[in-house]
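The values are calculated or read from the model by the stated rules, or taken from the named source; none is laboratory data. For clarity, every value in this text was computed on a predicted model and none was experimentally measured. Ideal geometry is used to build each Cβ from the backbone, glycine not excepted, and the neighbour counts take in all protein chains shown. Ligands, DNA and RNA are stripped out before the accessible areas are found, and what is left, the full protein with its side chains, is counted by its heavy atoms. Shrake-Rupley method; radii C 1.70, N 1.55, O 1.52, S 1.80 Å.
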Amino acid sequence: MYKRMKLSDTIRVAPRLLGEDVGVSVKDALKEKLEGRVDKTLGAIVAVTDIEEVGEGHILVGDGAVYYDVVFDAIVFIPQLQEVIEGLVVETVEFGAFVSIGAMDGLLHVSQVTDDFMSYDGKNGRLLSKNGDRTLSEGDKVRARIVAVSTNEREPRDSKIGLTMRQHALGRLEWLEDARKPKSDESNE
């Protein structure tokens, strides 16, 4: 879930930026420091949007930079357990599919794709159902539910989000559209 949050931090503005406008320098330094960072309580910081307040600058002995206390608005992504999300399959592998859900990727394990047995078709880079009527490959849009969240602040790429599509109204969007279409009566043809 994306949220707009009001945050505060102390930011270091490097000496090379001191000739520029303070607001611009502080915003640039905030973006460099925080955007893309993952925090267990805040989630993934997607963007610093507005600077609300810049405090008086402080200089530390032996450091030519100026430190400012800053209050700012940011957009954050916080994956919530049981949240239904829509995403794009970015990679299929033998054990499942990786789904981009915005600021992070989630893993859709092969056992969580459908109730039917799914196997990996390495030649075509896709997951294929046992009876062959359903496939999942790179570029497919899906609707899934978040069932596990494990964030790693030190290595954001190691954060893990587990997904499932084995529930009603979840799955590849084409499957859901096909399920909504009325069944044609073959005897009237």
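Within segment 102-140, restricting attention to residues that are touching a Leu at 6+ places or on another chain (Cβ under 8 Å) and β-branched (Val, Ile, Thr), which residue is farthest from Tyr2 (Cα to Cα)?
Thr135
Quick check on segment 172-180. Is at least one of its residues within 30 Å of Val76 (Cβ to Cβ), hydrophobic (A, V, I, L, M, F, W, C) and modelled with pLDDT under 90?
Scanning segment 172-180 turns up at least one residue that is within 30 Å of Val76 (Cβ to Cβ), hydrophobic (A, V, I, L, M, F, W, C) and modelled with pLDDT under 90.
For segment 144-170, give me the residue count where each residue is over 16 Å from Leu107 (Cβ atoms), under 22 Å from the mean Cα position of the chain (by Cα) and at pLDDT 85 or above.
Qualifying residue count, segment 144-170: 2.
Among the residues of segment 59-97, count how many are at positive phi, under 18 Å from the mean Cα position of the chain (by Cα) and surrounded by fewer than 14 Cβ atoms within 10 Å (Cβ to Cβ). Steps first, please.
To start, the set of residues in segment 59-97 that are at positive phi comprises 62, 82, 96.
Narrowing further to those that are under 18 Å from the mean Cα position of the chain (by Cα): 82, 96.
Remaining after also requiring surrounded by fewer than 14 Cβ atoms within 10 Å (Cβ to Cβ): 82.
Going through segment 59-97 one residue at a time, the tally reaches 1.
Within segment 160-173, which residues are under 14 Å from Ser137 (Cβ atoms) and surrounded by fewer than 14 Cβ atoms within 10 Å (Cβ to Cβ)?
Leu173
Of the residues in segment 123-166, how many are in a loop (DSSP other than H, G, I, E, B) and either farther than 27 Å from Gly36 by Cβ or not hydroxyl-bearing (Ser, Thr, Tyr) (or both)? Spell out how you get there, then give the answer.
Kept after step one, since they are in a loop (DSSP other than H, G, I, E, B), are these residues of segment 123-166: 123-125, 130-134, 138-140, 151-155, 159, 165-166.
Next cut, either farther than 27 Å from Gly36 by Cβ or not hydroxyl-bearing (Ser, Thr, Tyr) (or both) only: 123-125, 130-134, 138-140, 152-155, 165-166.
Matching residues across segment 123-166 total 17.
Report yes if Asp115 is open to solvent by 30 Å² or more (accessible area, probe 1.4 Å), assigned to a loop (DSSP other than H, G, I, E, B) and acidic (Asp, Glu), otherwise no. I'd like the intermediate steps shown before the answer.
Details: open to solvent by 30 Å² or more (accessible area, probe 1.4 Å): yes; assigned to a loop (DSSP other than H, G, I, E, B): yes; acidic (Asp, Glu): yes.
The answer is yes for Asp115.
Give the residue, chosen from Gly43, Gly19, that is surrounded by 15 or more Cβ atoms within 10 Å (Cβ to Cβ) and not hydrophobic (A, V, I, L, M, F, W, C).
Gly43
What's the number of the only condition in (1) touching a residue at least 40 places away in the same chain (Cβ under 8 Å); (2) closer than 24 Å to Ser119 by Cβ; (3) open to solvent by less than 50 Å² (accessible area, probe 1.4 Å) that Arg134 fails to meet?
With respect to (1) touching a residue at least 40 places away in the same chain (Cβ under 8 Å); (2) closer than 24 Å to Ser119 by Cβ; (3) open to solvent by less than 50 Å² (accessible area, probe 1.4 Å), Arg134 is out only on (3).
Out of (1) more than 15 Å from the chain's Cα centre (by Cα); (2) within 20 Å of Ala148 (Cα to Cα); (3) hydroxyl-bearing (Ser, Thr, Tyr), what's the single condition that is false for Tyr2?
Among (1) more than 15 Å from the chain's Cα centre (by Cα); (2) within 20 Å of Ala148 (Cα to Cα); (3) hydroxyl-bearing (Ser, Thr, Tyr), Tyr2 violates only (1).
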